[in-house]
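Trainee: Take a look at the following structure, please.
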Amino acid sequence: MARALPCSRLVPTSRGATFTWSPATGLSATTGATVTASPSVTTTYTVTSVVCGQTLTKQATITVLTPPTITPIVVSPSTTICQGTQITLSTSGAASYTWTVTTSSGTSTISSTASTINQIPSGTTTYSVIGRTSAGSNCTSTAQQITITVNPTPVISNIAVSPPSTVCSGTQVTLTATASNATSYAWTATTNGVTTSAGTTAAITVTPSATTTYSLVASNANCSSTALTRTITVNPTPTITAITGGPASGATCSGTPFTLATTSANATSYTWTQKIGSANATTLAETGSTLSVTPTASTATTYVYTVVGRTATCTSSSQTLTFTVNPQPTVSATAIAPEICEGNGTVLNALGASTYTWSPSTGLSATSGSSVFASPTTTTTYTVTGTNSSGCTNTATVTVTVNAVPTIVVTPASGTSPATLTASGANTYSWSPATGLSSTTGATVVATPTTTTTYTVTGTSGTCTNSKQVTVSVPLPVTLVSFTATWTGTSAKLVWVTSSEKNSDYFAIERSLDGKNFRTIGQQKGAGNTLARTTYQFVDGSIVAAPGSLVYYRLRQVDVSGETNFSDAKTLQLPATAQAFKATVFPNPFEQDVTVQIYSVGQVPITCTVQDVLGRTLLTRTLKTATVGLQEIPLPQSAALGAGVYYLTVQQGTQKQVLKLSRK
């Protein structure tokens, strides 16, 4: 409400006079030197004084001003604000204004006299204003007052980024905000212009796939902070494929090479590591997408290969390949006799593996097994491949050197004691038996046996030997007039005639198919002592030889003292017509081993079976690879037979022959 200014005091200046005031309105008195005037409107007061009988008047005008009326304070944006917010306070109705601000620290005057002021209160604050009729005037309005409530504004002082703000795609990043006066948080993520919500806690963990700007606004019940942002720069992480090129079964053999490989659309280099068994992994020098390896192991060992792809800034997830490397067997091969002679053989042995395969097959008894018999015709290197329980292989070689067998020639081929015998075809020579010889070594010896003797000369060249026999005859204690051999159509008939005999026990008839090796095929009792002419004959019906071949016969005369003498050999040529299946056995009777001689008519296997007189089978021997012509099958098991009579059945296909066999 407007009010008048304070009352004026009217004081006249004459001394010793009386004073009268008018009009009385608003005066404290109408007489007196001093009165107080409180007019409600502008009024002119007259004072009359009488001094020394003289009346004087004087006027004084009291101007009354009307106090201004100002409007209530208007606040924008609100009387309740957040800390740091600028407000505008305004009023009207006066010519000048005096603003005061009251806080917890006290009251102070604002320098502005304008009707509108801008303020940023830091806390709850009361603002007051009075209007004045003019600047500095004491004619003031009633004060207007308003209180501004200031709520605390959250302040985000920092956003920490871990790891630092440049990362590879697929990397987890934690953003942690430090804020005051905050009770809630609102994160947003902007990627390629698209903004999405990213979290509502002070710390968030994100996995950005591309460069992303994260913005945070912290709030409480009344206020929100200014947004604070962090940009995470994302470089692409390379991706690589699984490792290929390793063993398909997950296991391999020591020394097997592999080329391991991976592929990637964006990797520019690669890092390979190798871990062997329990040892630490080592980084390999290769930086390309392929890796050539040849893993080795002496025992079963696990190999682990790992690869990562790289760009200038990022590394892919790793790819791993694991497999087992099994050791190769340590294979060795030896020959019992690394040097052999033509026609001989040797045993080859292999060690170090579980199974073995031999090559080439030429001259081998078998191509598998740890031991095989080799009889090559020329020097041959054999390779054995050994396989262990893991299926791993290794090889070894062994060479069998084949030396030529010397061909021994003795001249003369036979002779009568005394005889000079000369051998050729070898380097050194040995003779046996020593009986009647001038020497048992040397190319030439003189033989003077007392009985007909067959000498064997053994020639040696290098490691090979061969032998030749020569018979030196002593005139028979019988006088042999004639000795003939003729073919009867089915057998050979031998006839010999003596004119005298002395101490003659028996004649042994011997046959040979090559003129060298003679076998006894029968015997005839001698005449003892006689000067009479005696004729003997023997029929050989067991000849087993090829059609048209030569058969040699000779007589071995044995006297009662056991001394022997030989006749000259007689030759009989068999007819050229085809011969039927036929078998014979020698010696018969026998003391140790016997040999079955068969003329084979085909390639069907030949089986020899020995039975006793009761029909029980005692031994069997089969020749599986028969050829047409003369075949010999030794029966070494016959040495185990006791003395007695046995029956030998020789069968080839449907052809069969039964021979009587006796053991002494």
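The values are calculated or read from the model by the stated rules, or taken from the named source; none is laboratory data. Every value quoted in this text rests on a predicted model; they were computed, and no experiment measured them. FYI the Cβ positions are ideal-geometry reconstructions off the backbone, even for glycines, and counts take in every protein chain you see.
Trainee: Just one of 641, 618 is among the aliphatic types (A, V, I, L, M), in contact with an Asp or Glu (Cβ under 9 Å, 6 or more places away or on another chain), surrounded by fewer than 16 Cβ atoms within 10 Å (Cβ to Cβ) and not assigned by the TED database to the domain that holds residue 538; which is it?
Mentor: One residue alone meets the criteria, 618.
Trainee: So is residue 556 touching a Phe, Trp or Tyr at 6+ places or on another chain (Cβ under 8 Å), of a type in the set (Lys, Arg), buried (at least 18 other Cβ atoms within 10 Å of the Cβ) and not assigned by the TED database to the domain that holds residue 450 or not?
Mentor: Answer is yes for this residue.
Trainee: Continuing with the same structure: Pull up region 246-262, narrow it to residues that are in contact (Cβ under 8 Å) with a residue 40 or more places away in the chain and of a type in the set (Gly, Ala, Ser), then point me to the one that is nearest to residue 311 (Cα to Cα).
Mentor: 246
Trainee: Regarding residue 69, is this residue loosely packed, with under 15 Cβ neighbours inside 10 Å and part of a strand (DSSP E or B)?
Mentor: Against the criterion (loosely packed, with under 15 Cβ neighbours inside 10 Å and part of a strand (DSSP E or B)), residue 69 does not qualify.
Trainee: Suppose we filter region 517-540 for residues that are of a type in the set (Phe, Trp, Tyr) and not in a strand (DSSP E or B); how many remain? I'd like the intermediate steps shown before the answer.
Mentor: We begin by selecting, within region 517-540, every residue of a type in the set (Phe, Trp, Tyr); these are 518, 536, 538.
Those left that are additionally not in a strand (DSSP E or B): 518.
Of the residues in that region, 1 qualify.
Trainee: Another question, then. Output the residue which, of all residues in region 624-664 that are over 23 Å from residue 592 (Cα atoms) and among the β-branched types (Val, Ile, Thr), is modelled with the lowest pLDDT.
Mentor: In this case the residue turns out to be 628.
Trainee: Out of the residues in region 475-509 that are more than 28 Å from residue 542 (Cα to Cα) and surrounded by fewer than 19 Cβ atoms within 10 Å (Cβ to Cβ), state the one that is modelled with the lowest pLDDT.
Mentor: Of everything passing the filter in region 475-509, 475 is modelled with the lowest pLDDT.
Trainee: Still on this structure, I have one more. Does residue 229 qualify as being outside any loop (DSSP other than H, G, I, E, B), under 30 Å from residue 123 (Cβ atoms) and in contact with a strand residue (DSSP E or B) (Cβ under 9 Å, 6 or more places away or on another chain)?
Mentor: yes
Trainee: I would also like to ask the following. Considering only residues of region 557-572 that are touching a residue at least 60 places away in the same chain (Cβ under 8 Å) and part of a strand (DSSP E or B), which is farthest from the chain's Cα centre (by Cα)?
Mentor: For region 557-572, the residue satisfying everything is 559.
Trainee: If you don't mind, there's one more thing I want to ask. Just to be sure before I move on: is residue 375 more than 24 Å from residue 254 (Cα to Cα) and surrounded by fewer than 20 Cβ atoms within 10 Å (Cβ to Cβ) in the structure I sent?
Mentor: On the way: more than 24 Å from residue 254 (Cα to Cα): yes; surrounded by fewer than 20 Cβ atoms within 10 Å (Cβ to Cβ): yes.
When the stated conditions are applied, residue 375 passes them.
Trainee: Is region 89-97 home to any residue that is closer than 26 Å to residue 225 by Cα and modelled with pLDDT of 95 or more?
Mentor: Yes, region 89-97 contains at least one residue that is closer than 26 Å to residue 225 by Cα and modelled with pLDDT of 95 or more.
Trainee: In region 335-448, which strands (runs of 3 or more DSSP E) lie fully inside it and hold 1 or more residues that are over 45 Å from the mean Cα position of the chain (by Cα)?
Mentor: Strands (runs of 3 or more DSSP E) meeting the threshold: 339-341, 393-403, 409-411, 414-416, 419-424, 428-432, 444-447.
Trainee: Would you confirm, using the coordinates I've provided, whether residue 297 is outside the structural domain of residue 390 (by the TED database), over 30 Å from residue 264 (Cβ atoms), surrounded by 14 or more Cβ atoms within 10 Å (Cβ to Cβ) and of a type in the set (A, V, I, L, M)? Give the steps one after another, and end with the answer.
Mentor: Numbers: outside the structural domain of residue 390 (by the TED database): yes; over 30 Å from residue 264 (Cβ atoms): yes; surrounded by 14 or more Cβ atoms within 10 Å (Cβ to Cβ): yes; of a type in the set (A, V, I, L, M): yes.
Taking the combined requirement at face value, the residue satisfies it.
Trainee: Which of the residues spanning region 128-144 are surrounded by 16 or more Cβ atoms within 10 Å (Cβ to Cβ), in a loop (DSSP other than H, G, I, E, B) and either assigned by the TED database to the domain that holds residue 227 or of a type in the set (Val, Ile, Thr) (or both)? Reasoning before the result, please.
Mentor: Going through region 128-144, the residues surrounded by 16 or more Cβ atoms within 10 Å (Cβ to Cβ) turn out to be 128-133, 137, 139-141, 144.
Cutting the leftovers down to in a loop (DSSP other than H, G, I, E, B) gives us 133, 137, 139, 141.
The answer is 133, and nothing else.
Trainee: Does region 488-495 contain any residue that is touching a residue at least 60 places away in the same chain (Cβ under 8 Å), of a type outside the set (S, T, N, Q) and touching a strand residue (DSSP E or B) at 6+ places or on another chain (Cβ under 6 Å)?
Mentor: Yes, the conditions are met somewhere in region 488-495.
Trainee: Which condition breaks for residue 282 when tested against (1) modelled with pLDDT of 95 or more; (2) among the polar types (S, T, N, Q); (3) loosely packed, with under 14 Cβ neighbours inside 10 Å; (4) under 30 Å from residue 331 (Cβ atoms)?
Mentor: (4)
Trainee: Right, residue 50: outside the structural domain of residue 223 (by the TED database), assigned to a loop (DSSP other than H, G, I, E, B) and surrounded by fewer than 17 Cβ atoms within 10 Å (Cβ to Cβ) or not?
Mentor: For residue 50, the condition - outside the structural domain of residue 223 (by the TED database), assigned to a loop (DSSP other than H, G, I, E, B) and surrounded by fewer than 17 Cβ atoms within 10 Å (Cβ to Cβ) - is not met.
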